[in-house]
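To start, the structure itself, in structure tokens.
Readers should treat all values here as calculations from the given coordinates under stated rules, not as data from a laboratory. Predicted, not measured: the structure shown is a model, and the values here were computed from it. Here the Cβ positions follow ideal geometry from the backbone for every residue, glycine too, while neighbour counts run over all protein chains shown.
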Number of protein chains: 10
Amino acid sequence: MPDKRSILETFENNYPERDYAITHTAPEFTSLCPKTGQPDFAEIVLEYVPDRRCVELKSLKLYYQSYRNDGIFYESLTNQILDDLVAACEPRWMKITARFNVRGGVSSTVVAEHNGS
Amino acid sequence: MPDKRSILETFENNYPERDYAITHTAPEFTSLCPKTGQPDFAEIVLEYVPDRRCVELKSLKLYYQSYRNDGIFYESLTNQILDDLVAACEPRWMKITARFNVRGGVSSTVVAEHNGS
Amino acid sequence: MPDKRSILETFENNYPERDYAITHTAPEFTSLCPKTGQPDFAEIVLEYVPDRRCVELKSLKLYYQSYRNDGIFYESLTNQILDDLVAACEPRWMKITARFNVRGGVSSTVVAEHNGS
Amino acid sequence: MPDKRSILETFENNYPERDYAITHTAPEFTSLCPKTGQPDFAEIVLEYVPDRRCVELKSLKLYYQSYRNDGIFYESLTNQILDDLVAACEPRWMKITARFNVRGGVSSTVVAEHNGS
Amino acid sequence: MPDKRSILETFENNYPERDYAITHTAPEFTSLCPKTGQPDFAEIVLEYVPDRRCVELKSLKLYYQSYRNDGIFYESLTNQILDDLVAACEPRWMKITARFNVRGGVSSTVVAEHNGS
Amino acid sequence: MPDKRSILETFENNYPERDYAITHTAPEFTSLCPKTGQPDFAEIVLEYVPDRRCVELKSLKLYYQSYRNDGIFYESLTNQILDDLVAACEPRWMKITARFNVRGGVSSTVVAEHNGS
Amino acid sequence: MPDKRSILETFENNYPERDYAITHTAPEFTSLCPKTGQPDFAEIVLEYVPDRRCVELKSLKLYYQSYRNDGIFYESLTNQILDDLVAACEPRWMKITARFNVRGGVSSTVVAEHNGS
Amino acid sequence: MPDKRSILETFENNYPERDYAITHTAPEFTSLCPKTGQPDFAEIVLEYVPDRRCVELKSLKLYYQSYRNDGIFYESLTNQILDDLVAACEPRWMKITARFNVRGGVSSTVVAEHNGS
Amino acid sequence: MPDKRSILETFENNYPERDYAITHTAPEFTSLCPKTGQPDFAEIVLEYVPDRRCVELKSLKLYYQSYRNDGIFYESLTNQILDDLVAACEPRWMKITARFNVRGGVSSTVVAEHNGS
Amino acid sequence: MPDKRSILETFENNYPERDYAITHTAPEFTSLCPKTGQPDFAEIVLEYVPDRRCVELKSLKLYYQSYRNDGIFYESLTNQILDDLVAACEPRWMKITARFNVRGGVSSTVVAEHNGS
């Protein structure tokens, strides 16, 4: 996990006096099911209100790609992404929405949120 | 009903210190009309905030499938699914939305909610 | 109007201890314009939280069909359906949404609501 | 049936030297099921290439409305509408597409065509 | 403007004891740009809670048509329609939403609201 | 299989002198996977040009329902439905399109056609 | 009509050695019903293969606007637009598709085509 | 930046006594990425409640076009547009929503808001 | 490549006397760009008319998954999948449609077809 | 124009023995109107059957971007893109479809095609 976190880069927020919201929607997320080894596919939506640092977009893409061959459960994945991104940019508020494709006739979504103060 | 409940399995919530939401959408639900014996079709949406236990996805699918040849009314079905899932994982909050296909030119939805504390 | 109301049947709510919501959507409603005699077409959405009685679905369909050759204005229709259904099942809350097709380049919706206590 | 045909009016085609196509789409058709007396709902699409006469639009609407309280099967309805409209305006080509709403979980479409020469 | 207002007709609200909402959606509105004389096209949505009078639908259509060859700005148009309709039926609440088509690559919406008491 | 075929009923085609097309779309088909016993879900589209007999709609619904607890592969199912319906009404032309829901991230469609002469 | 035609301007086709197709879609067409004086609304689609001249886009817009206060039937309108545009640019092939909004619950489309040689 | 601001023009709000909302949606915004020089594409939605001045629509279009060959980051762009428009018309409330196209498999949205008092 | 082909399994076609079509749509395909190492995402549609053998669905899924960490160009990928599947089941006809996600603002589709005789 | 053509790069077609089709869809094309200097926006769809050379995707993107500040008419743009791409890769068949955004209430599409032999 420290390795994953080291992928994430940030840059200075030039408008810290204003609360404003940034959303990055990544429909091409894929990881592996830890039970079966089968690929999972998801859309990850990151929403946050920056404090002093913003998440750099290309490093975010590489961070998501680092899960490509990892086995991880839906619930852990969502919470871990939130924890890593909070650690990276210490936002005022952040939410991760992970929408997983149909498996066994059921699609799943996990939503986790962080309040910075 | 005890038999149905025994199908449901749970696993430990690894992030109990955080309130987060899980949604499982199952568009392939089918049961029978208790009056006519004709098949009913529905989409069942389960939303919940876990406390100590999460619902295991494969057991949820098998639980839904156990209704395949049961005769049961819309209102009872929705409330019974809610009661069984609450009993299984004792969530902080849970909601069941059951959307039934058109019958006699009318489609129906039943929504029931549980607050855990 | 007493005749219309006598079409509606109800059954006992088996989950009176819980506030839950039922929606019946009927896209095939038709009546007549009282001015011109021309057919009107609408989608009627019934939403309610039952108290002791639920509306029986087949009787609801027949109730709607009883308007087929009646001349009635949009506003009266919506309020009358609400009054009849409230009288039939005495719900904790009920809402009728009637969406009428385009006439003279204009489509119309009327929404009326009842609070049971 | 002679009565129904007498509802249809036509007007002179001012561009008989050119083959061109006219489509009238009527999503508000309703008649009754001859077995059960229950209402049927359909969208009727009329397409034709006029010869010397065009179908007058308001009379077409009244013609469709004349089925409101008639009991008639899907297949007969479609062919009868085609026969009546062919008799009324003797087109070079005509097609009737009737799309019926879901009944018993099944929706139906009937398509019949006439070649004028 | 008095002339425009005189087009609007109202009828008595038969359910004044209940707060209910009426929406009329008119996607065929057209007026002229006061600068260029070019036609503007808009969808006008009227929502209101009637008090003692309801807006008669056909007169509403004629009222909208009276703008066909008038030059008027978006903001004035929306507020003027609201003022005229408030004057005509003195509603408990009313909202006008005017959605204008793309001009110079930009589409516009103006929303104005009135509270009756 | 003889039992399934005996469910299908037909009625006389009143317009045998005209080639016309009938489509019945059934989005609520369900059977079982013969390998795993898991439910399969499909939409079955029947298109045909009748000769002397038409397929009776209610019997078609019951015929489809007879597969509810049968284990059968996609390819066999589609061809068997075609064979049974051809045997029942001896059409001039018939096509079956079976669209199966996602399994293992893959959705499938099988299309089979019969020419009557 | 000569006046309308004089609005249309053309420019030289720089690629006359190649058959290629141009489509202009105008969703904001409006004229008047010659019977009732009520506004009609349509989308006019012009498709053509130019020969030596192309239709200038701004003049096309003005040509369409010239119908704003004219009373004209659907069938005449479509054929007249085709005749005017053929006269203006003498194309190798041209088609006009006019899709009219719902009137009396029925929407209409008229399609007329010209072959240049 | 002073140059950009000088492009924006305003006109007097004729209805200052009423709080009402104006939305301008511009789906054709394009600028350059300051890192790579590659074009970025966005939809810019401006929503505001005017005080004494409204934003003139054509000048808004020219203002947006002035970014065509500028290199600027998503977050700066959104906040700068908000600052410029607030300076130009001093609104009671204003919000800018900038939706950027997919880059590296990720689409982004930035939302910034201003309260006038 | 021999390894990939060995993943594919087939089963006997029980209806070889009839030409019928099978489609398998796989929206979760992913491989790597051979130049940049970045992930590519695609939907692969396989359509074919079987001769003596059908493609087994689970082996098809595993075959597609075998590309997960391979670097391969769009054009080669599509043709190679076609060659492998033709070799595996020797169909009468087969088509592969590969729809790739947006890269650099451009989405791509490659379609290749095989005729068996 | 020679400069533009020099941007385009190609690579060897590894499957020249098979006729197969490649489509590249670029929804982010922008150029300038030669009359007004205002930006035009279009989606350019390139479809072709390669002979010995395929169009390299990144060079195609750069080629499209080279029009960003050029003034050019719709018809010339489409034909010139076709000529440049035909010159670059000498395909067996090629088609360019250019869909331009609404201007003055009218959207336009130009389609040009080349046959290689």
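Structural remarks
- Considering only C:48, C:77, C:36, the residue lying farthest towards the positive end of the dipole of the stretch C:19-117 is C:36, judged by Cα position with unit charges set on Cβ.
- Net charge, residue H:15 excluded, C-beta distance under 13 Å - Lys, Arg +1, Asp, Glu -1: -3
- Cut-off 13 Å between beta-carbons: net charge of the residues surrounding residue B:107, Lys and Arg +1, Asp and Glu -1: -3
- Chain A: relative contact order as a whole-number percent, Cα under 8 Å and 6+ apart: 29 percent
- Relative intensity of the stretch G:1-107 on a log10 scale, I(q)/I(0) at q = 0.22, 0.24 Å⁻¹, equals -1.19, -1.38, per a Debye sum over C-alpha point scatterers of equal strength in the absence of solvent.
- Separation in nanometres of the label points that stand 7 Å from Cα toward Cβ, at residue E:62 and residue I:58: 7.3 nm
- A simple spin-label model places the labels of residue G:101 and residue D:7 2.6 nm from each other, with each point 7 Å out along Cα-to-Cβ.
- For the protein assembly as shown, size of Cβ-based charge dipole, Lys and Arg +1, Asp and Glu -1, in debye: 0 debye
- Counting only Cβ charges, +1 for Lys and Arg and -1 for Asp and Glu, the dipole size of chain F around its Cα centre is about 260 debye.
- Shielding score for E:41-47, defined as the mean number of other chain Cβ atoms within 10 Å: 2
- Comparing C:41, C:11, C:29 in a Gaussian network model of chain C, where Cα atoms under 10 Å apart are tied by springs, the biggest mean-square fluctuation is seen for C:11.
- The residue J:90 and residue I:86 beta-carbon pair, evaluated with R₀ = 30 Å, returns a calculated FRET efficiency of approximately 0.60.
- Look at the stretch E:12-21: the mean tally of other chain Cβ atoms within 10 Å of its residues' Cβ atoms is 4.
- Label zone at residue I:70 (point 7 Å along Cα-to-Cβ), backbone N below 13 Å, the stretch I:15-48: I:30-34
- Within the shell defined by Cβ-Cβ distances under 13 Å, the residues around residue G:80 carry a net charge of -2, with Lys and Arg each +1 and Asp and Glu each -1.
- Once the Cα atoms are used to define both axes, helix I:74-89 deviates from the longest principal axis of chain I by about 20 degrees.
- Two-decimal Rg to Rh for the stretch H:78-117 - Kirkwood Rh, Cα set: 1.12
- Computed log₁₀ I(q)/I(0) - Debye formula, equal Cα scatterers, no solvent, the protein assembly as shown, q 0.06, 0.07, 0.09 Å⁻¹: -0.59, -0.85, -1.68
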